[in-house]
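One structure is given below, encoded as structure tokens.
The values are calculated or read from the model by the stated rules, or taken from the named source; none is laboratory data. None of these values were measured; they are calculated from a predicted model. When we count neighbours, we look across all protein chains shown, and the Cβ atoms used for this are built from the backbone with ideal geometry, even at glycine. Areas reflect the complete protein model, heavy atoms only, side chains present, ligands, DNA and RNA absent. Shrake-Rupley method; radii C 1.70, N 1.55, O 1.52, S 1.80 Å.
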Amino acid sequence: MKLNLKLPLGVYISLFVLFLLIILIWMEVNAKIDQNIIEYLFAIFIMATLLGINLIKDGTFELYKNILNAIWNLETAFVFIYAVNYFIEHKSKSQNESPFYEWSHAHPLLFSLLIAALTVVCVSRAGFSLAEIFKNAITRKNSIETVPPQKIENQIDESIKDNQG
């Protein structure tokens, strides 16, 4: 898959406005680690948007979007079930700390990896959504660029002959 950046103007404007917003947020954050996280999330978003655009051009966007949505739905279902379970247990036992809280402190690396995976999927979905907003413009622009000039000239000549005859 080649990276072809001939994109609709709306994509460039959207990314530029988002970039300005990210810069404003980045300047307000004092901690270097938080600034790094903002930079990484923005980079993931840009890469996901460009990947989505290339997948749209290749015609395989729907498949990958559905895979990403399935992963997101599984993560959301897990979090919802855990929240309901925690609410029921907390109401009945009046515990101060949940078993998940204890587990996350006992396994900080695995917990951090899970949070990172959730974050990457969430930001990637946002990038895919931005690409999908411009799906019609991208496919229209892509189909115009792939028609060879000779074929366009032949179509014009045929159209002129049909109108004269």
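Looking for something in contact (Cβ under 8 Å) with a residue 12 or more places away in the chain, within 30 Å of P8 (Cα to Cα) and within 20 Å of the chain's Cα centre (by Cα) - is there at least one such residue anywhere in the range 72-93?
Applying the first criterion (in contact (Cβ under 8 Å) with a residue 12 or more places away in the chain) to the range 72-93 yields 72, 75, 82, 86.
Subsequent filtering for residues that are within 30 Å of P8 (Cα to Cα) retains 72.
Still in the list and also within 20 Å of the chain's Cα centre (by Cα): 72.
Within the range 72-93 (the criterion being in contact (Cβ under 8 Å) with a residue 12 or more places away in the chain, within 30 Å of P8 (Cα to Cα) and within 20 Å of the chain's Cα centre (by Cα)), the answer is yes, since at least one residue qualifies.
Which ones in the range 68-83 are modelled with pLDDT under 90 and of a type in the set (A, V, I, L, M, F, W, C)?
F78, V79, F80, I81, A83
Select from the range 50-90 the residues that are open to solvent by 70 Å² or more (accessible area, probe 1.4 Å) and acidic (D, E) and list them in ascending order.
Once the filter is applied, which keeps residues that are open to solvent by 70 Å² or more (accessible area, probe 1.4 Å) and acidic (D, E), the range 50-90 yields D58, E62.
Evaluate the following for I152: is it modelled with pLDDT under 90 and β-branched (V, I, T)?
On the way: modelled with pLDDT under 90: yes; β-branched (V, I, T): yes.
Yes: the conditions hold for I152.
State which residue is surrounded by the fewest Cβ atoms within 10 Å (Cβ to Cβ) when the search covers only the range 32-49 and only residues that are under 13 Å from S124 (Cβ atoms) and touching a helix residue (DSSP H, G or I) at 6+ places or on another chain (Cβ under 8 Å). Steps first, answer last, please.
First pass over the range 32-49, keeping only residues under 13 Å from S124 (Cβ atoms): 40-49.
Remaining after also requiring touching a helix residue (DSSP H, G or I) at 6+ places or on another chain (Cβ under 8 Å): 41-42, 44-49.
Values: L41: 16, F42: 19, I44: 18, F45: 19, I46: 16, M47: 13, A48: 22, T49: 24.
Looking at the filtered set, the residue picked out is M47.
Scanning for something out of contact with any strand residue (DSSP E or B) (no Cβ under 9 Å at 6 or more places or on another chain) and outside any helix (DSSP H, G or I), does the range 35-55 turn up at least one residue?
First, pick out the residues of the range 35-55 that are out of contact with any strand residue (DSSP E or B) (no Cβ under 9 Å at 6 or more places or on another chain): 35-55.
This time we only want the ones that are outside any helix (DSSP H, G or I), so: none.
Looking for residues that are out of contact with any strand residue (DSSP E or B) (no Cβ under 9 Å at 6 or more places or on another chain) and outside any helix (DSSP H, G or I), one finds none in the range 35-55, hence no.
Among residues belonging to the range 4-31 that are among the small types (G, A, S) and either touching a Ser or Thr at 6+ places or on another chain (Cβ under 6 Å) or touching a residue at least 60 places away in the same chain (Cβ under 8 Å) (or both), point out the one that is farthest from V123 (Cα to Cα). Walk me through it before giving the result.
Just the residues of the range 4-31 that are among the small types (G, A, S), to begin with: 10, 14, 31.
Next, only the ones that are either touching a Ser or Thr at 6+ places or on another chain (Cβ under 6 Å) or touching a residue at least 60 places away in the same chain (Cβ under 8 Å) (or both) stay: 10, 14.
Details: G10: 20, S14: 15 Å.
If we take residues in the range 4-31 being among the small types (G, A, S) and either touching a Ser or Thr at 6+ places or on another chain (Cβ under 6 Å) or touching a residue at least 60 places away in the same chain (Cβ under 8 Å) (or both), then G10 is farthest from V123 (Cα to Cα).
Somewhere in the range 110-129, is a residue at pLDDT 80 or above, more than 21 Å from the chain's Cα centre (by Cα) and surrounded by fewer than 10 Cβ atoms within 10 Å (Cβ to Cβ)?
No, that holds for no residue.
Could you identify the single residue in E132, E97, E89 that is modelled with pLDDT of 65 or more and not in a helix (DSSP H, G or I)?
Details: E132 fails: not in a helix (DSSP H, G or I); E89 fails: not in a helix (DSSP H, G or I).
Just one listed residue meets the conditions, E97.
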